[in-house]
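A.B. asks: Mind looking over this structure? Questions follow.
The values are calculated or read from the model by the stated rules, or taken from the named source; none is laboratory data. What you see is a predicted model; the values in this text were computed from it and never measured. Don't worry about glycine lacking a Cβ; one is built from the backbone with ideal geometry, like all the others, and counts go over all protein chains shown.
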Ligand code: RB5
């Protein structure tokens with residue numbers, strides 16, 4: 001189970017939660033702050049509260065929540081409703097796994113900020129966070145996973161919307177949903193992170209040509225994004241390249257060709273054999289760079 005705890009500055013509540021969660025076997029934890037400056041140490045009060053409870057207070061550098069961190073986490077757990085709202089504003093596609101810590105624990109209040117308070121307040125804040133983490137972990141709720149993730153820019157969203165019903169479910173549609181101009185790398189990053197981190201089995205990206213989406217998506221580890229223009233390229237992208245993201249160009253191919261290509265892509269298996277060696281070489285290239 002991977003947990004990302006989020007507070008405001010990432011120096012008090014969320015690093016305490018991170019340390020508490022890490023003391024549970026099988027739990028990986030990280031923390032961030034919606035207004036975090038980079039690299040600030042944990043507050044002294046938080047550090048003393050952890051040490052007083054017999055836990056270690058590891059080296060800490062504050063950080064902001066990013067696409068990668070949000071996708072990595074099974075659950076993103078905010079200390080307050082306000083922080084949750086801010087997370088949803090920045091990462092609207094992650095609404096299935098962004099909650100307040102209290103909600104995740106089965107019903108609890110916001111965890112107020114102890115900054116500047118006495119050691120006693122820090123200790124009671126830490127005790128409350130620990131109680132909520134214990135309750136949430138006891139529920140053993142798996143973080144959501146998807147069979148497919150889909151994204152598009154303004155030049156591709158109509159085709160993306162038309163293709164959504166062909167994708168295996170559950171599908172996570174990260175947008176865009178209207179013709180207002182947006183930048184395709186932001187959508188490629190999210191779908192590629194979802195696929196590269198195993199949260200979604202396959203990705204669909206549509207822009208004007210499919211090219212920008214594929215260039216951006218292929219920057220992320222574990223992603224093999226292929227621009228496909230017909231049924232043959234769709235089949236070969238799967239058979240030979242084990243592509244896990246299909247990129248289509250709404251301005252270049254028609255809707256029926258796109259539907260046929262996507263069906264073929266989804267129905268075709270990787271051929272393995274000599275192709276497996278080449279895919280392993282791509283993985284090694286990724287590791288080297
Ligand atoms: C947007 O105008 C266009 O550049 C984009 O959709 C895509 O084709 C980029 O590769």
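A.B. asks: Considering only the range 197-289, give the helices (runs of 4 or more DSSP H) lying wholly within it that have at least 2 residues that are within 14 Å of the ligand (Cβ to nearest atom) and either farther than 15 Å from residue 184 by Cβ or touching a strand residue (DSSP E or B) at 6+ places or on another chain (Cβ under 9 Å) (or both).
C.D. replies: On the way: elements: 211-217, 231-239, 255-267, 274-288.
By residue number, 211-217.
A.B. asks: Criterion first (under 21 Å from residue 92 (Cα atoms), at pLDDT 95 or above and buried (at least 17 other Cβ atoms within 10 Å of the Cβ)) does residue 193 satisfy it?
C.D. replies: Yes.
To keep it simple, each residue is scored yes or no on (1) more than 16 Å from the ligand (Cβ to nearest atom); (2) part of a loop (DSSP other than H, G, I, E, B); (3) more than 17 Å from the chain's Cα centre (by Cα); (4) surrounded by 17 or more Cβ atoms within 10 Å (Cβ to Cβ).
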position	(1), (2), (3), (4)
149	yes, no, no, yes
160	no, no, yes, yes
165	yes, no, yes, no
181	no, yes, yes, no
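A.B. asks: Another one. Residue 201 passes all but one of (1) surrounded by fewer than 24 Cβ atoms within 10 Å (Cβ to Cβ); (2) touching a residue at least 60 places away in the same chain (Cβ under 8 Å); which number fails?
C.D. replies: Unmet condition: (2).
A.B. asks: Assess whether residue 169 counts as being within 12 Å of the ligand (Cβ to nearest atom) and closer than 24 Å to residue 257 by Cβ.
C.D. replies: When the stated conditions are applied, residue 169 does not pass them.
A.B. asks: Based on this model, can you work out whether residue 270 counts as surrounded by 14 or more Cβ atoms within 10 Å (Cβ to Cβ) and more than 30 Å from residue 154 (Cβ to Cβ)?
C.D. replies: In short, yes.
A.B. asks: Within the range 1-19, which residues are surrounded by fewer than 24 Cβ atoms within 10 Å (Cβ to Cβ) and in contact with a helix residue (DSSP H, G or I) (Cβ under 9 Å, 6 or more places away or on another chain)?
C.D. replies: 1, 2, 8
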